[in-house]
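A short write-up of the structure that comes next.
The values are calculated or read from the model by the stated rules, or taken from the named source; none is laboratory data. These numbers come from a predicted model, not from an experiment. Glycine also receives a Cβ, built like all others from the backbone with ideal geometry; neighbour counts cover every protein chain displayed. To get the accessible areas, we keep the full protein, side chains included, count just its heavy atoms, and leave off ligands, DNA and RNA. Shrake-Rupley method; radii C 1.70, N 1.55, O 1.52, S 1.80 Å.
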Amino acid sequence: MVLPRDSSPIDFAYSVHTEVGHCCTGAKVNGRMVPLRHKLHSGDIVEIITQPGHKPSRDWLSVAKSSRARNKIKHWLNVHQRERAVEIGRKLIDKEARKYRIALKEIKDDDLQRAASDYGLGKADDLMAGIGYGKYSARQVLAKLVPGSAGPVAEEVGDKSGIASVVRRVFGGDHGNDAIRVKGQGDLLCLPRALL
């Protein structure tokens, strides 16, 4: 097998098969156990030790020399990082919805798709990944999904039922005249002195 100079067992594993590379946990070179960062030499006999369910590490990018191995590792990391971002995005929007006593089950997939297309995205999962990466605020997305639910964002578009309604529900009464409006801070909640 032909590999670049100073290749490692990781390069060898990915040149055999992508799954062998992903599941690589160790290597034997010429019958001896070696670390994955070991440099291979011409004529070495390499045996790859795999374990199902093992995952590539970002550290492997500094060890891998072949472009095939580096590209496969990067691709795996990007795919799984995106899956994690989608999961985080769903948790963040669920947490934000619970603040305003909104059940996410009530929000239809069509509404999520519409909100995603408002942001120029193709799928609802792209929107959730964007929330998970921190590109979009869960509060702003929730305001698009359920108008009047997310406080300051809703106030900017002229709807005054957001946080003020939650304060009225929680603390009782209408404190509309006593409320202090703070512009420029999206997450800041100001309560009248009587409530503090």
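Considering the stretch 1-29, the residues that are open to solvent by 30 Å² or more (accessible area, probe 1.4 Å) and in contact with an Asp or Glu (Cβ under 6 Å, 6 or more places away or on another chain) include one that is modelled with the lowest pLDDT, namely LEU3. Filtered by the rule that a residue be touching a residue at least 24 places away in the same chain (Cβ under 8 Å) and open to solvent by less than 40 Å² (accessible area, probe 1.4 Å), the stretch 57-98 gives TRP60, VAL63, ALA64, SER66, ALA69, ILE73, ALA85, VAL86, GLY89, ILE93, GLU96, ALA97. Taking the criterion of being open to solvent by 70 Å² or more (accessible area, probe 1.4 Å), under 15 Å from SER62 (Cα atoms) and not charged (D, E, K, R), the only residue of the stretch 30-48 that qualifies is PRO35. Looking at the stretch 99-152, which of the residues that are of a type in the set (D, E, K, R) and modelled with pLDDT of 85 or more is most open to solvent (accessible area, probe 1.4 Å)? In this case the residue turns out to be LYS135.
Scan the stretch 79-94 and give yes if some residue there is over 30 Å from TRP60 (Cα atoms), at pLDDT 85 or above and of a type outside the set (D, E, K, R), otherwise no. Scanning the stretch 79-94 turns up at least one residue that is over 30 Å from TRP60 (Cα atoms), at pLDDT 85 or above and of a type outside the set (D, E, K, R).
Out of everything in the stretch 101-146 that is of a type in the set (Lys, Arg) and under 17 Å from GLU87 (Cα atoms), what residue ends up being nearest to the chain's Cα centre (by Cα)?
LYS135
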